[in-house]
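What follows is one structure encoded as structure tokens, with my remarks underneath.
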């Protein structure tokens, strides 16, 4: 029998899943670190109810809360309760039988099945801003005597979880200035207009698009790295100016827009639409755009003489291709950038020079 003097009381809604009762409540953030504990990390994986905490993620999530005090969004935490639990409904029939208070013995154990990183980030954010303490987060409670079902619950909760594609995440991100700039470039630039896949990060053979939004993001991020702009509009204008000039010297991009070639043919036979090349062009471009516009635009004319075909193994094998397949590794991005910079008359930096010399020795 529970002692009513020593219990937690949560306003709750009662539901049924798989024939078992569960409860949904709203908990003040200040309570989250106090009552919801992690499994000890020292336990063997077969004895834990969830994965080991990735502490590198916690500051990022905490900053998200603190930087967006009027706009952060968290999904519900899911927890197992091992201990004395009773639900007191407001009535015996209809809706009132599902609404009430969940009474949990203070000696009960709470184990988080889903949301351990949110819990740790909330604790960190509260230390910086105690004013968050009265805000709430939804918690789903499952009664799990002896915590026998916790591991299976963790597996079931994560089995069907699918992360959105990077392109879709960027499309819907309105807090990241770079994401906003890239969307503007993708939708308005003559280089990319109507040929960008906004939702998926990979393109099927039949896709009519030439580029993914995530690939353009990487290219623009590389182009703007370390640069200072007057405003986001100014940054977007610079990006559009650069990519439109690049497109003038890669005729296949225009051929797709005017119907002379299909997007599938271009992606299959050429490398210049792939993420590795867009990133490498952006890396080279950031050294060009510090020059007077006429000079950097004149230098880009050299791109017209580059053989971008995948069959050009003499140039691309070991740089953008490994065994005939496109490689996105940092090393290959560097080697691809090296080739482009040399064609544009740009000097290689110390790290780039080391990578280039090693590449040439490997070929010899």
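Mind counting the residues in the stretch 219-236 that are part of a helix (DSSP H, G or I) and either in contact with a strand residue (DSSP E or B) (Cβ under 8 Å, 6 or more places away or on another chain) or surrounded by fewer than 14 Cβ atoms within 10 Å (Cβ to Cβ) (or both)? Break it down into steps so the answer makes sense when it comes.
Step one: of the stretch 219-236, the residues part of a helix (DSSP H, G or I) are 219-224, 232-236.
With the extra rule that they be either in contact with a strand residue (DSSP E or B) (Cβ under 8 Å, 6 or more places away or on another chain) or surrounded by fewer than 14 Cβ atoms within 10 Å (Cβ to Cβ) (or both), the set shrinks to 232-234.
Matching residues across the stretch 219-236 total 3.
Does residue 179 meet the test of being out of contact with any strand residue (DSSP E or B) (no Cβ under 7 Å at 6 or more places or on another chain), farther than 27 Å from residue 260 by Cβ and surrounded by fewer than 18 Cβ atoms within 10 Å (Cβ to Cβ)?
Working: out of contact with any strand residue (DSSP E or B) (no Cβ under 7 Å at 6 or more places or on another chain): yes; farther than 27 Å from residue 260 by Cβ: yes; surrounded by fewer than 18 Cβ atoms within 10 Å (Cβ to Cβ): no.
No, not satisfied.
Among all residue pairs at least 6 apart or on different chains, which show Cβ distances below 7 Å where the first residue, located in the stretch 196-208, is in the same structural domain as residue 278 (by TED's automatic domain parsing) and the second is assigned to a loop (DSSP other than H, G, I, E, B)?
So the pair list comes out as 196/209; 197/203; 197/207; 197/209; 199/165; 200/165; 201/165; 203/209.
How many of the residues making up the stretch 74-97 are over 22 Å from residue 117 (Cβ atoms), touching a strand residue (DSSP E or B) at 6+ places or on another chain (Cβ under 6 Å) and assigned to a loop (DSSP other than H, G, I, E, B)?
3
Please specify each residue of the stretch 307-359 satisfying the condition of being surrounded by fewer than 16 Cβ atoms within 10 Å (Cβ to Cβ) and at positive phi.
323, 324, 345
Of the conditions (1) modelled with pLDDT under 90; (2) buried (at least 17 other Cβ atoms within 10 Å of the Cβ); (3) touching a helix residue (DSSP H, G or I) at 6+ places or on another chain (Cβ under 6 Å), residue 79 fails just one. Which one is it?
For residue 79, the exception is condition (3).
Please state which one of 154, 74, 110, 142 is surrounded by 15 or more Cβ atoms within 10 Å (Cβ to Cβ), within 30 Å of residue 181 (Cα to Cα) and either within 30 Å of the chain's Cα centre (by Cα) or modelled with pLDDT of 85 or more (or both).
Values: 154 fails: within 30 Å of residue 181 (Cα to Cα); 110 fails: within 30 Å of residue 181 (Cα to Cα); 142 fails: within 30 Å of residue 181 (Cα to Cα).
Matching residue, one of 154, 74, 110, 142: 74.
Considering only residues that are surrounded by 13 or more Cβ atoms within 10 Å (Cβ to Cβ) and free of Cβ contacts under 8 Å to residues at least 24 places away in the same chain, which ones fall in the stretch 253-264?
Taking the stretch 253-264 first, the residues surrounded by 13 or more Cβ atoms within 10 Å (Cβ to Cβ) are 253-257, 261-264.
Within the stretch 253-264, 254, 255, 261 qualify.
I'd like the residue in the stretch 167-218 that is within 23 Å of residue 73 (Cβ to Cβ) and assigned to a loop (DSSP other than H, G, I, E, B) and, out of all such residues, is modelled with the highest pLDDT.
Among them, the one singled out is 198.
Go through 328, 314, 294, 305 for me and flag whichever is touching a residue at least 40 places away in the same chain (Cβ under 8 Å) and either out of contact with any helix residue (DSSP H, G or I) (no Cβ under 8 Å at 6 or more places or on another chain) or within 25 Å of residue 195 (Cα to Cα) (or both). Reasoning before the result, please.
Details: 314 fails: touching a residue at least 40 places away in the same chain (Cβ under 8 Å); 294 fails: touching a residue at least 40 places away in the same chain (Cβ under 8 Å); 305 fails: touching a residue at least 40 places away in the same chain (Cβ under 8 Å).
Exactly one residue qualifies, and that residue is 328.
The values are calculated or read from the model by the stated rules, or taken from the named source; none is laboratory data. Please read these numbers as outputs of a predicted model, since none were measured by experiment. Reconstructed Cβ throughout: ideal geometry from the backbone, glycine too, with neighbour counts over all protein chains shown.
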